[in-house]
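S.K.: Quick one: this structure, given as structure tokens, is what I'll be asking you about.
The values are calculated or read from the model by the stated rules, or taken from the named source; none is laboratory data. Because the structure is predicted, anything quoted here is derived from the model rather than measured. FYI the Cβ positions are ideal-geometry reconstructions off the backbone, even for glycines, and counts take in every protein chain you see. To get the accessible areas, we keep the full protein, side chains included, count just its heavy atoms, and leave off ligands, DNA and RNA. Shrake-Rupley method; radii C 1.70, N 1.55, O 1.52, S 1.80 Å.
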2 protein chains.
Amino acid sequence: MSSPTRSPTLRSPTRSSTLPPKPESEQLKIAKAAKAAFQKSQLIPASERVKALQEIRKGLDAAKDEILAANKRDVAAAEVDVRAGKMAEGLLKRLDMTKGDKWDSMLQGVTDVAELPDPIGVVSYAKELDDDLDLYRVSCPIGVLLVIFEARPEVVVNIATLAIKSGNAAILKGGKESNETAQLLSKVIQTALSRTTIPSDYIQAIQTRSEVLALLQLDEYIDLVIPRGSNLLVKSIQNATKIPVMGHADGICHVYLDETADIEKAVRVVVDSKIDYPAACNSVETLIVNEKVVNTVWPAVAKALLEKNVELFCDSPTLFALSKLTLTSNNLSNHIHPSSPDSYGKEYLSLSLSVVTVDSLLTAMRHINAHSSHHTDCIVTEDEQAGATFCKGVDSAGTFINASTRFADGYRYGFGTEVGISTGRIHARGPVGLDGLETYKYMLRSKAEKGHIVSEFGAAEGKKKFKHATIDTKSVPFL
Amino acid sequence: MSSPTRSPTLRSPTRSSTLPPKPESEQLKIAKAAKAAFQKSQLIPASERVKALQEIRKGLDAAKDEILAANKRDVAAAEVDVRAGKMAEGLLKRLDMTKGDKWDSMLQGVTDVAELPDPIGVVSYAKELDDDLDLYRVSCPIGVLLVIFEARPEVVVNIATLAIKSGNAAILKGGKESNETAQLLSKVIQTALSRTTIPSDYIQAIQTRSEVLALLQLDEYIDLVIPRGSNLLVKSIQNATKIPVMGHADGICHVYLDETADIEKAVRVVVDSKIDYPAACNSVETLIVNEKVVNTVWPAVAKALLEKNVELFCDSPTLFALSKLTLTSNNLSNHIHPSSPDSYGKEYLSLSLSVVTVDSLLTAMRHINAHSSHHTDCIVTEDEQAGATFCKGVDSAGTFINASTRFADGYRYGFGTEVGISTGRIHARGPVGLDGLETYKYMLRSKAEKGHIVSEFGAAEGKKKFKHATIDTKSVPFL
């Protein structure tokens with residue numbers, strides 16, 4: 001591995017040294033205020049957090065015209081940049097809040113999250129250590145989140161909603177292209193918080209990359225960094241901080257067609273996994289074909305993909321199998337190419353797909369474990385045992401049987417909304433909803449007349465022994 | 001915060017540049033072998049992991065004389081270093097495996113862990129997303145652990161035991177002072193693994209710091225670093241790697257004497273928290289006294305501490321309250337000192353204690369949240385409401401009511417043994433047993449005739465809606 005490097009997108013323009021800048025007092029103030037707001041909020045009941053979300057929804061409703069007008073100005077400025085070649089055209093669609101049902105689903109998301117059960121105070125382990133000495137492992141928020149995202153301004157609302165419901169303070173930094181919209185959304189959130197007992201510093205917004213770089217040094221106050229955006233953004237942040245980072249670096253998903261794969265299932269699952277939204281991280285990038293179905297299932301899948309305009313990068317066996325294919329349009333044969341070793345482990349994010357043949361399920365699993373980004377991988381099979389082996393042996397956040405990789409999503413999993421999808425293994429994995437924003441603490445209570453001390457316990461005669469009897473509860477009785 | 005620096009203890013002696021060294025092919029081989037062993041092991045049933053632990057216990061029994069002879073040689077070499085002033089005397093006690101019941105409790109630990117329930121395959125979330133489409137969140141091991149520890153050679157066995165039971169591969173690096181003992185213990189573990197179907201590269205041992213530094217760069221293969229040892233060791237490792245680090249940096253624990261504190265409980269809990277094992281991270285370092293009990297509870301506690309030879313560093317009110325104290329020995333008054341601002345947040349790890357007065361529970365909580373290392377803090381109180389407020393408001397891994405801080409320990413919590421105590425908030429917090437070495441993955445299975453695809457779902461008319469019906473299960477039915 002090369003030494004950690006900082007991405008130029010995160011380097012403060014006023015410094016040429018590779019040392020991170022000394023935190024400005026302004027960022028230190030922001031981080032300290034966030035931590036203080038978090039600590040104060042621990043004694044505030046869950047009902048206030050729900051009230052805050054209801055106030056945010058009301059505030060957004062009332063300010064709709066103003067916000068969409070600001071969004072139009074952001075879009076207009078971005079169009080200039082796109083014409084000047086300074087910005088990718090794809091960003092425009094993500095930036096525009098008037099498109100489709102974006103506004104309504106943003107509002108619905110706030111209500112959905114408000115109505116989810118309180119994720120705080122849930123007991124996951126409880127033991128009676130001794131008579132009158134009870135231990136509880138209880139869910140509680142992590143602390144202060146620093147969330148960095150690109151383009152889509154409604155993410156301000158999504159993240160603030162999840163942070164408030166999960167009991168975490170948050171510092172938010174959006175892309176500069178959505179600046180006017182994001183500022184207004186933040187103002188609505190602050191105003192809503194001021195109508196509750198939650199401190200108004202609970203959700204703060206910052207604007208510049210140099211502020212981010214300064215905050216990334218403040219590991220005493222910031223507990224978790226969540227970058228939402230490109231691979232480059234995520235990697236540059238991981239390289240710039242000691243604070244834990246939760247994010248995904250790549251979405252290289254596989255579908256494996258097992259020797260028992262059903263043709264119709266294979267066609268449906270592969271086509272949906274590729275074309276439903278090719279730019280998404282949960283789209284398939286490599287198809288693995290068992291050699292026993294290379295002349296049966298594979299040609300049918302290939303035909304369906306070609307008809308949807310997908311470019312195929314094939315190894316020799318899958319290429320050869322297509323030589324007999326009858327295509328409705330001659331143009332489609334231009335979409336068939338030989339693969340190179342580089343094709344495998346490539347994240348196209350477009351209508352392209354690498355294809356490779358294997359001799360067995362075990363080889364397929366080895367290929368996936370070596371090339372996958374450990375996001376989501378799928379097997380198409382009629383063999384229950386093969387499905388179970390795949391689910392156990394593939395080392396990814398999602399292992400699917402006969403279902404499109406596109407199901408890997410917090411909303412689809414039932415989390416209401418998601419803060420992102422984690423390909424890390426630590427803390428949270430896969431789509432991250434409220435649960436992924438909680439940690440836990442241990443509460444121990446002695447009800448004994450003289451309290452409880454350790455020196456009374458031990459292996460020697462006359463010493464007490466631990467009971468470790470399970471307490472069956474989901475909540476702490478004395479809270 | 002200053003820029004990340006590397007501790008000299010971890011810097012490779014052959015390089016003067018601050019760039020991390022390029023991984024040696026030998027370390028890359030070790031890391032790759034560990035990852036391959038981990039991936040292969042995913043299909044091995046739990047019974048093989050239990051068998052491996054039984055074989056380890058048998059192997060240790062058979063090699064007892066040989067191992068203790070090697071340990072004597074390590075101790076003899078260390079004694080030379082201690083006499084030459086090159087090693088702290090405290091290390092000798094930790095190094096010596098013949099002391100007390102160390103050997104027997106090491107063996108018992110292996111059996112205890114073997115008998116714990118399998119932590120793999122436990123379902124923590126299960127939903128029916130649609131007819132015939134079931135989602136399971138299932139516990140599974142993290143991957144490859146790099147565990148770095150000092151002095152105590154039996155830690156090799158503790159960690160290998162936890163790693164094998166939890167399904168993780170591990171690379172272990174002990175202190176050089178325990179080299180001969182650790183080598184033999186590793187050999188016994190390897191031999192035991194060779195009697196099972198678990199790959200022998202599952203547990204590997206390395207010897208030198210430069211090997212550690214090279215491995216810390218291999219974030220592609222190593223998933224979690226667990227340093228067990230001094231604050232300096234933990235910080236230097238955090239600064240040298242992008243791999244997530246699970247450890248605790250400090251143990252600055254508090255006991256707060258509330259205005260309703262019972263005198264006898266206060267004396268028992270504070271004395272036990274301080275003197276049971278002062279060098280442990282879960283010992284108390286600062287006592288906080290509510291001003292309403294400064295002339296009642298505090299003098300009794302102080303007297304008990306002084307009689308146990310504890311040095312007290314007091315603020316003005318607690319100092320003044322002691323002026324009327326009658327002490328059995330004049331010498332003890334030498335143990336009372338005024339505190340300085342530096343006294344608070346200090347980890348003595350010895351028979352010293354800082355004392356501060358506060359006007360309320362809220363001030364006590366603010367003091368703790370500002371000065372604690374978020375390890376374990378305790379309130380002594382007769383007021384149920386005050387106990388609940390303390391448990392909610394104190395932002396630490398352990399919040400205790402009328403129980404000694406020394407209870408913060410994996411064995412005492414009922415985990416069998418522990419891999420360490422985490423003061424981080426991410427992934428695991430407090431004592432870390434088997435649970436803390438698991439992550440999870442999502443398994444999704446379609447039983448529908450045509451499989452499941454995303455494009456059939458949506459808000460529009462005619463599209464399917466998600467059911468998100470809870471499935472009540474603790475295990476995956478098809479595994």
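S.K.: Whole-Hz ³J(HN,Hα) for each residue in the range B:449-461, computed from phi via Karplus 6.51 cos²θ - 1.76 cosθ + 1.60 with θ = phi - 60°, x for glycine and proline: what do you get?
M.R.: Each residue's phi maps through the Karplus curve to give 4, 10, x, 10, 10, 6, 5, 7, 9, x, 7, 5, 4 Hz.
S.K.: What average number of partner chain Cβ atoms lie no more than 10 Å from the Cβ of the residues making up A:388-398?
M.R.: Numbers: counts 6, 3, 1, 12, 11, 5, 4, 9, 2, 4, 5.
Taking all residues of A:388-398 together, the mean is 6.
S.K.: With the contact rule set at Cα under 8 Å and sequence spacing of 6 or more, what percent relative contact order holds for chain A?
M.R.: It rounds to 19 percent for chain A.
S.K.: Per DSSP H run of at least 4 residues, take -39500 (n - 2.57); add these up for the protein assembly as shown, divide by its residues and hand me the 222 nm value, nearest 500 deg cm²/dmol.
M.R.: -11000 deg cm²/dmol
S.K.: Put +1 on the Cβ of every Lys and Arg and -1 on every Asp and Glu Cβ in the protein assembly as shown; which of B:S354, B:N179, A:V122 then has its Cα farthest towards the positive end of the dipole?
M.R.: B:N179
S.K.: Multiplying the sequence separation of B:S25 and B:Q207 by 0.36 nm and subtracting their Cα-Cα distance, what value in nm do you get?
M.R.: 63.9 nm
S.K.: For B:C140, list long-range residues whose amide hydrogen, built 1.01 Å from N in the peptide plane, is under 5 Å from its own amide hydrogen.
M.R.: B:G121, B:T439, B:Y440, B:K441
S.K.: Shifting gears a bit: Please state the charge dipole magnitude for the range A:167-220, taken about the Cα centre, from unit charges on C-beta atoms (+1 on K and R, -1 on D and E), reported in debye and rounded to the nearest 20.
M.R.: On the way: 5 positive and 6 negative charges, 43 e Å.
Its charge dipole is roughly 200 debye.
S.K.: What is the dipole size for the protein assembly as shown, taken about its Cα centre, with +1 at each Lys and Arg Cβ and -1 at each Asp and Glu Cβ, in debye to the nearest 20?
M.R.: With only Lys, Arg, Asp and Glu charged at Cβ, the dipole is about 1680 debye.
S.K.: I need the GluC sites (Glu not before Pro) found in the range B:373-479, filtered to DSSP loop residues with at most 16 other beta carbons within 10 Å of theirs. Kindly include the intermediate steps, with their values, before the conclusion.
M.R.: Values: sites: B:E382, B:E384, B:E418, B:E438, B:E449, B:E456, B:E461; in loops: B:E382, B:E418, B:E449, B:E461.
Taking the range B:373-479 and a limit of 16 other Cβ atoms within 10 Å, the loop GluC sites (Glu not before Pro) found are B:E382, B:E449, B:E461.
S.K.: Please go through the residue pairs A:K51/B:K463; B:K29/B:K173; A:K450/B:K346; B:K72/B:K173; A:K463/B:K93 and name each one whose alpha carbons sit more than 22 Å apart in this structure.
M.R.: A:K51/B:K463; A:K450/B:K346; A:K463/B:K93
S.K.: Another question about this same structure. Using Cα positions and a limit of under 16 Å, work out the lysines in reach of A:K242, with same-chain residues fewer than 8 apart set aside.
M.R.: Excluding near neighbours in sequence, the set is A:K22, B:K235, B:K242.
S.K.: In debye, nearest 20, what is the charge dipole magnitude of the range B:253-414 about its Cα centre with +1 on Lys and Arg Cβ and -1 on Asp and Glu Cβ, if you could check?
M.R.: 260
S.K.: At a 1.4 Å probe radius, carbon and sulfur cover how many percent of the accessible area of the protein assembly as shown?
M.R.: That share works out to 50 percent.
S.K.: Here is a follow-up. To the nearest 0.05, what FRET efficiency results for A:E66 and B:T98 with a Förster distance of 56 Å applied to their C-beta separation?
M.R.: 0.15
S.K.: Determine the shielding of peptide B:431-444 by partner chains: average, over its residues, the number of Cβ atoms on other chains within 10 angstrom of each Cβ.
M.R.: 5
S.K.: Checking the a/c ratio against 1.5 first, then a/b against b/c, what shape does the Cα gyration tensor give for chain B?
M.R.: oblate
S.K.: Separate question: With every protein chain present, what is the per residue accessible area of chain B (1.4 Å probe, Å²)?
M.R.: Values: 19050 Å² over 479 residues.
In whole numbers, chain B has 40 Å² accessible per residue.
S.K.: What residues qualify as long-range amide H neighbours of A:Y256, i.e. H under 5 Å apart, gap of 5 or more or another chain, H built at 1.01 Å from N?
M.R.: A:I288, A:C378, A:I379, A:V380
S.K.: With the contact rule set at Cα under 8 Å and sequence spacing of 6 or more, what percent relative contact order holds for the range A:253-415?
M.R.: Numbers: 312 pairs, mean separation 52.4, N = 163.
It comes to 32 percent, rounded to a whole number.
S.K.: Along the range A:429-438, what does the Karplus equation 6.51 cos²θ - 1.76 cosθ + 1.60 (θ = phi - 60°) give for ³J(HN,Hα), rounded to whole Hz, x for Gly and Pro?
M.R.: Per residue, the Karplus-derived 3J(HN,Hα) values read 9, x, x, 10, x, 4, 3, x, 9, 9 Hz.
S.K.: Can you give me the long-range amide H partners of B:S352? Hydrogens built in the peptide plane at 1.01 Å from N, cutoff under 5 Å, separation of 5 or more residues or another chain.
M.R.: Answer set, sorted by chain and number: B:E311.
S.K.: Do you know which residues of the range A:247-269 lose at least 20 square angstrom of accessible area in the protein assembly compared with their chain on its own, with a 1.4 angstrom probe?
M.R.: In the range A:247-269, residues shielded by partner chains: A:E264, A:K265, A:R268.
S.K.: Once fully extended, how much extra length lies between B:E461 and B:E79, figured as 0.36 nm per residue of separation less the alpha-carbon to alpha-carbon distance?
M.R.: Length gained, B:E461 through B:E79: 129.5 nm.
S.K.: Output the relative contact order of the range B:313-377, whole-number percent, from Cα pairs under 8 angstrom with separation of 6+ residues.
M.R.: 42
S.K.: Can you list the residues of the range B:23-46 whose accessible area drops by at least 30 Å² going from the chain on its own to the full set of protein chains, with a 1.4 Å probe?
M.R.: B:Q39, B:Q42, B:L43
S.K.: Distance between Cα centroids, the range A:276-299 to the range A:339-406: provide it in whole Å.
M.R.: The range A:276-299 and the range A:339-406 have Cα centres separated by 9 Å.
S.K.: Gap in Å between the Cα centre of the range A:183-198 and the Cα centre of the range B:413-452?
M.R.: 36
S.K.: Another one. Chains A and B: how much accessible area gets covered up at their contact, both sides added, probe 1.4 Å, in Å² to the nearest hundred?
M.R.: The contact between B and A buries close to 8200 Å².
S.K.: I've got another one for you. Among A:I379, A:Y411, A:A279, which residue has its Cα positioned farthest towards the positive end of the charge dipole of the range A:253-415, with +1 placed on the Cβ of Lys and Arg, -1 on the Cβ of Asp and Glu, and the dipole taken about the Cα centre?
M.R.: Of A:I379, A:Y411, A:A279, it is A:A279.
S.K.: State the answer as a single residue: which of A:I159, A:V212, A:G109 lies farthest towards the positive end of the charge dipole of the range A:24-238, with beta carbon charges of +1 for Lys and Arg and -1 for Asp and Glu, about the Cα centre.
M.R.: With unit charges placed on the Cβ atoms, the residue in question is A:V212.
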